[in-house]
1. Can you pull out every residue in region 52-106 that is modelled with pLDDT of 95 or more, more than 14 Å from the chain's Cα centre (by Cα) and of a type in the set (A, V, I, L, M, F, W, C)?
2. Would you check if I49 is closer than 24 Å to L121 by Cα and within 16 Å of the chain's Cα centre (by Cα)?
3. Residue check: is I135 touching a Lys or Arg at 6+ places or on another chain (Cβ under 9 Å) and either more than 9 Å from the ligand (Cβ to nearest atom) or part of a helix (DSSP H, G or I) (or both)?
4. What do you reckon, is G156 in contact (Cβ under 8 Å) with a residue 24 or more places away in the chain and either within 17 Å of the chain's Cα centre (by Cα) or assigned to a strand (DSSP E or B) (or both)?
5. Would you check if there is a residue in region 48-62 being polar (S, T, N, Q), in contact with a strand residue (DSSP E or B) (Cβ under 6 Å, 6 or more places away or on another chain) and in contact (Cβ under 8 Å) with a residue 24 or more places away in the chain?
6. Do any residues in region 131-143 that are farther than 19 Å from G102 by Cα have Cβ atoms under 8 Å from those of residues that are assigned to a loop (DSSP other than H, G, I, E, B) and hydroxyl-bearing (S, T, Y), where the two are at least six apart or on different chains, and which pairs are they?
7. Among the residues of region 154-190, write down those that are closer than 14 Å to N16 by Cβ, within 11 Å of the ligand (Cβ to nearest atom) and basic (K, R).
8. Applying the selection to region 1-40, what residues are closer than 18 Å to V184 by Cα and acidic (D, E)?
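The values are calculated or read from the model by the stated rules, or taken from the named source; none is laboratory data. Owing to the predicted nature of the structure, the values given are computational and were not obtained by experimental measurement. A quick note on method: Cβ atoms are made from the backbone with ideal geometry, for glycine too, and the neighbour counts reach across all protein chains shown.
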Amino acid sequence: MSATLVQKMTEFTNTNLETLYSAEQIKTRVAELGKQIAFDYADKDLVVIGVLKGSCVFLADLIRQIDLPLAIDFMAVSSYKDGTKSTGDVEILKDASQPIRGKDVIVVEDIVDTGLTLFRLLEILGSRGASSIKIAALLDKPEPRIKKELKIDYCGFQIPNKFVVGYGLDVAGRYRNLPFIGVVKNPHIA
Ligand code: 5GP
């Protein structure tokens, strides 16, 4: 990375972010979730499906904490339009590459806000004959969930209704590589 980009990242982090969960706190929580999943899925044929792009960091860490044979797959869906709220119209940009019939699926999301994206995704996956489908979400914003009730089976942290970034989550396409999760004070200066 050039000096200018390093400076930009440092400046953004120092001036525009308030740490919500440190890398250490996330690591501890992800290890707990992985252990719980390993316990619950001991005799199952587990497929972990990550919802791109936001879940990639969480998924990479989570699967290494699940001490079981498992398969991974990815889907990409459109959710937020122009950085505003979800419409519930989910377009599949990239589908999973393998059938899930008879498998035990965990869908891994970065954050559940209104729940509309995940709700629709579960409807789509629900028609594909999986033995079970559960949700693992790193973050849950329970407050704005006005439309859809979702059961998040494995939740990292419940957070306030604020815009967050880091550990896979972006603002204007950037800062997914921050190792911690921070609240963005002003998304317009990302
Ligand atoms: P939902 O359909 O649940 O309202 O939207 C979920 C998607 O919106 C997430 O997968 C994520 O891409 C985006 N999103 C919701 N809240 C935040 C947030 O606080 N920060 C970031 N970076 N993305 C968010």
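1. Matches in region 52-106: I66, L68, L70, A71, I72, A96, I100, V105.
2. On the way: closer than 24 Å to L121 by Cα: yes; within 16 Å of the chain's Cα centre (by Cα): yes.
Judged against the criteria, I49 is a match.
3. Working: touching a Lys or Arg at 6+ places or on another chain (Cβ under 9 Å): yes; either more than 9 Å from the ligand (Cβ to nearest atom) or part of a helix (DSSP H, G or I) (or both): yes.
So I135 fits the description; yes.
4. Spelling it out, G156 is indeed in contact (Cβ under 8 Å) with a residue 24 or more places away in the chain and either within 17 Å of the chain's Cα centre (by Cα) or assigned to a strand (DSSP E or B) (or both).
5. The answer is yes, given that some residue of region 48-62 is polar (S, T, N, Q), in contact with a strand residue (DSSP E or B) (Cβ under 6 Å, 6 or more places away or on another chain) and in contact (Cβ under 8 Å) with a residue 24 or more places away in the chain.
6. Listed by first residue and then by second, the contacts come to L138/S55; L138/Y167.
7. Answer for region 154-190, where residues must be closer than 14 Å to N16 by Cβ, within 11 Å of the ligand (Cβ to nearest atom) and basic (K, R): K162, R174.
8. Hits for region 1-40 are E11, E18.
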